[in-house]
Amino acid sequence: MALAARLPADILLRIGALITADADKTLGHWKHSLTLLAVCSYWRATIVLLVFKTLSVEVITHNEADRRGYAYKYAEETLIVAFSNYQLAKHNGHLCWARHLRVCDLDDDFCVSSMALVADALEMDEDDVPGIA
């Protein structure tokens, strides 16, 4: 058995808390925290609640998406695009760990368009995330 799999759960949760502390700031930080889930099945089962505690939607311009290296479908009629970790959490059955929804929006010029993109990115059913505050 590998050393990583022998750590007590409370120590592992402290390590996970340190590494995921910035995960709710941007999707880039959150993607970095996904590496914790790849260590071994014990880490994945223990830390998943920390990694998926915040669902995020980021609405950014196409230029910003390109700068960050995000892959997306380009639509000429819009100047903005939405990215979210919601679909991954839903697909892998991790919505039960979600406790917060973070929406990072652009300035007021894009407010109406942003809200439509947020709704599309989430495609939420009422029963999907009953624990979100």
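When segment 44-75 is examined, which residues are found to be of a type outside the set (Gly, Ala, Ser) and over 20 Å from HIS91 (Cβ atoms)?
Within segment 44-75, THR46, VAL59, ILE60, THR61, HIS62, ASN63, GLU64, ASP66, ARG67, ARG68, TYR74 meet the criteria.
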Q.
Here's a check for you: in segment 16-61, which residue that is without any contact (Cβ under 8 Å) to a residue 40 or more places away in the chain, part of a loop (DSSP other than H, G, I, E, B) and farther than 14 Å from CYS104 by Cβ is farthest from the chain's Cα centre (by Cα)?
A. CYS40
Q) Residues of segment 62-72 being part of a helix (DSSP H, G or I) and open to solvent by less than 50 Å² (accessible area, probe 1.4 Å), which ones? A) HIS62, GLU64, ALA65
Q.
Restricting to segment 79-105, name every residue that is surrounded by fewer than 16 Cβ atoms within 10 Å (Cβ to Cβ), assigned to a helix (DSSP H, G or I) and under 12 Å from the mean Cα position of the chain (by Cα).
A. GLN87, LEU88
Q: Tell me which residues, restricted to segment 14-60, are over 29 Å from ALA71 (Cβ atoms) and buried (at least 16 other Cβ atoms within 10 Å of the Cβ).
A: ILE15, TYR42, THR46
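The values are calculated or read from the model by the stated rules, or taken from the named source; none is laboratory data. For clarity, every value in this text was computed on a predicted model and none was experimentally measured. Quick reminder, even Gly has a Cβ in these numbers, built from the backbone with ideal geometry, and neighbours come from all protein chains shown. In case anyone asks, the SASA skips ligands and DNA or RNA and just uses the protein heavy atoms, side chains included. Shrake-Rupley method; radii C 1.70, N 1.55, O 1.52, S 1.80 Å.
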